[in-house]
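Asks: Right, I'll just put the structure down here and ask away after.
Nothing in this text is a laboratory measurement; each read-out follows from the coordinates by a stated rule. This is a predicted model, so every value here is computed, not measured. We place every Cβ from the backbone using ideal geometry, glycine too, and count neighbours over all the protein chains shown.
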């Protein structure tokens, strides 16, 4: 079970004179149960890339295989693909539209063809999963706080029970509290339900704390692909494309450059603390 | 008297049902006192719902005090006749650049404000040039705002406010929707306006690393100012900041944790260089 991108390229506005190569010969394999962060600055192609994964955008050339089947095959059920590969867009709360939160979450499963009882169950389960406060199930989605709206929107996608969940900048515009809550929630869903998570972000520090694998996009293609430690070791290369490694990684690089025997590839505050205490602790 | 003076400022939101009866009252700003001197760079930190945006809307008379008073450049916001002069003194930049840009060409967008208050054409163009140059967007003057990046759009929005030649600008989470490059661009632009043009700046944000270079930082929680001081004084209270669920920069947090673990490291470390210095002394 996996998603494979085979020489995928995508060009915007073909033939208009304003052609933009948004994706350039991308080859990727995403395995079941992975927790991936896709990083890149605005315009690097990261959103375009993920919109290919559930067939929202069709590659100009190349193909994509989901569980071995070519999603561009004329007999392929792309409607089914969209429920298998769920997508939470940027500012998903802008897409809430029903009169109550519960109805909004039910909309997806109902659209999948489930009967009312099953859809109700799915909605209930999804709202529980995102830890949405029960007293607000019947509230209008427009009366909620920013963090709650986002939870409701995520529940709407989870209710369709996707095997792969893509979240495009799920924490944009949230305050630090809301951001941590959403990221913790995503992590918990990944651990409990074993679904594949693809998190699009421009915050290295957010991603370092959560994901197992980072794909750095630049000019429409993956530039780096590996564990946070592997990717952050390339600090100079990341800086060149306008991305920064976490502050603590820089600090460890500085210390290593001064001749201290610290592990330079530390990516979190906790790891940095342990390393510094190990090396400096007995002074 | 400062350019902005809040005295025991209170703002209550009334929620009414369909018949207009008051359902609930929420105190968004609760007895806030604030003094901003001309030319200062002030930051207000706090998470969503802490009352910081409500406070900001008082500074250019978009909202009026329920109790207490707010004075902008010596004028009381609750006096209706002061509304226009106050809005000319204090310009406001909001979170979403797409909601603030109205024209299809950058320079026309920037000229919209001055045109609206009846400034002469020659003077409008002079101001447009000055404002766009100040935010580093002069070369984009004939571009369509649609094709700009988020950071560039936000700089155009700031130029639009600057063209009104305000003494003070209030930025309400101007970087919340931008990527790291855009955030840096906007914050640097605002500092530059403060340094070179002497504009008083009030920056509202929840990103702590953006307030490091402010003259003063106010932290708001549940409508009240709960901490105020120079950035270093604020940043040395890591436990309190965590309690208000604010995002302490990684280096400050690491320095604090090392100190807790018994290492000889001063409180209030703000930068990587400072921590490096403290470790290697």
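Asks: Give me the distance between the Cα centres of region A:130-197 and region B:256-276, rounded to whole Å.
Replies: 35 Å
Asks: Using a Förster radius of 41 Å, what is the FRET efficiency between residue B:215 and residue B:64 based on their Cβ-Cβ separation? Nearest 0.05, please.
Replies: Efficiency, rounded to the nearest 0.05: 0.90.
Asks: Give me A:229, B:245 sorted ascending by neighbouring Cβ count inside 10 Å, so fewest comes first.
Replies: A:229, B:245
Asks: Would you mind ranking A:42, B:200, A:196, B:121 so that the residue whose beta carbon has the fewest other beta carbons within 10 Å leads the list?
Replies: The fewest-first ordering by Cβ neighbours comes to B:121, A:42, A:196, B:200.
Asks: While we're on this one: In degrees from 0 to 90, rounded to the nearest 10, what is the angle of the helix A:176-193 Cα long axis to the longest principal axis of chain A?
Replies: Between helix and principal axis, roughly 70 degrees.
Asks: To continue, here is another question. Count, for each residue of A:170-180, the Cβ atoms from other chains sitting within 10 Å of its Cβ, then give me the mean as a whole number.
Replies: Mean shielding count: 5.
Asks: Taking Cα centroids, how far is region B:186-235 from region B:163-184 in Å?
Replies: Answer, in whole Å: 12.
Asks: Restricting the count to DSSP beta bridges whose residues both fall in the protein assembly as shown, what percent are antiparallel, rounded to a multiple of 5?
Replies: About 55 percent, rounded to the nearest 5.
Asks: Ok, one more. Anyone know which of B:26, B:210, B:173 comes out most mobile in the 10 Å Cα GNM of chain B?
Replies: With Cα springs under 10 Å in chain B, the top fluctuation among B:26, B:210, B:173 is at B:26.
Asks: Convert 37 °C to kelvin, take the viscosity as 0.692 mPa s, use the Kirkwood radius over C-alpha pairs of region B:11-166 as Rh, and evaluate the Stokes-Einstein diffusion coefficient in µm²/s, rounded to a whole number.
Replies: Using the Kirkwood radius from Cα pairs, D works out to 187 µm²/s.
Asks: For the protein assembly as shown, take N as its residue count and report Rg(C-alpha) divided by 2.2 N^0.38 Å.
Replies: 1.04
Asks: A further question on this structure: Once the convex hull of the alpha carbons of chain A is built, what does its volume come to per residue, in cubic angstrom?
Replies: Taking only Cα atoms, chain A has a hull volume of 151 Å³ per residue.
Asks: Please compute, for peptide B:59-65, the average count of beta-carbon atoms on other protein chains lying within 10 Å of each residue's beta-carbon.
Replies: Per-residue shielding by partner chains comes out at 0.
Asks: Share of antiparallel DSSP beta bridges in chain A, in percent to the nearest 5?
Replies: Roughly 55 percent of the beta bridges in chain A run antiparallel, per DSSP.
Asks: Hey, quick one: spin label on residue A:256, modelled 7 Å out along Cα-Cβ, who in region A:262-283 has an amide N within reach, i.e. under 14 Å?
Replies: Answer for this model: A:262-268, A:272, A:275-276.
Asks: Once you've got the GNM for chain B with C-alpha springs shorter than 10 Å, pick whichever of B:64, B:34, B:132 has the biggest mean-square fluctuation.
Replies: Maximum among the listed residues: B:34.
Asks: In the Gaussian network model of chain B, springs joining C-alpha atoms below 10 Å, which of B:14, B:244, B:140 carries the largest mean-square fluctuation?
Replies: Looking only at B:14, B:244, B:140, the biggest GNM fluctuation is shown by B:14.
Asks: Sort A:217, B:137 so the one with the fewest other Cβ atoms within 10 Å of its own Cβ comes first.
Replies: Taking fewest neighbouring Cβ atoms as first place, the list is B:137, A:217.
Asks: Pairing the Cα long axis of helix A:146-158 with the longest principal axis of chain A, what angle in degrees results, from 0 to 90 and rounded to the nearest 10?
Replies: Roughly 70 degrees between the two axes.
Asks: What value, in deg cm²/dmol to 500, does the helix sum -39500 (n - 2.57) over DSSP H runs of n ≥ 4 give at 222 nm once divided by the residues of chain B?
Replies: Rounded to the nearest 500, the figure is -10500 deg cm²/dmol.
Asks: Now, a different point. Using Cα-only point scatterers and the Debye equation, what is log10 of I(q)/I(0) for chain B at each q in 0.07, 0.10, 0.11 Å⁻¹, rounded to two decimals?
Replies: Here the Debye-derived log intensity ratios amount to -0.29, -0.57, -0.69.
Asks: In degrees from 0 to 90, rounded to the nearest 10, what is the angle of the helix A:269-280 Cα long axis to the longest principal axis of chain A?
Replies: On a 0 to 90 degree scale, this one is about 20.
Asks: Counting only other chains, what is the mean number of Cβ atoms within 10 angstrom of the Cβ of each residue in peptide A:236-245?
Replies: Other-chain Cβ atoms within 10 Å of each residue's Cβ, averaged: 1.
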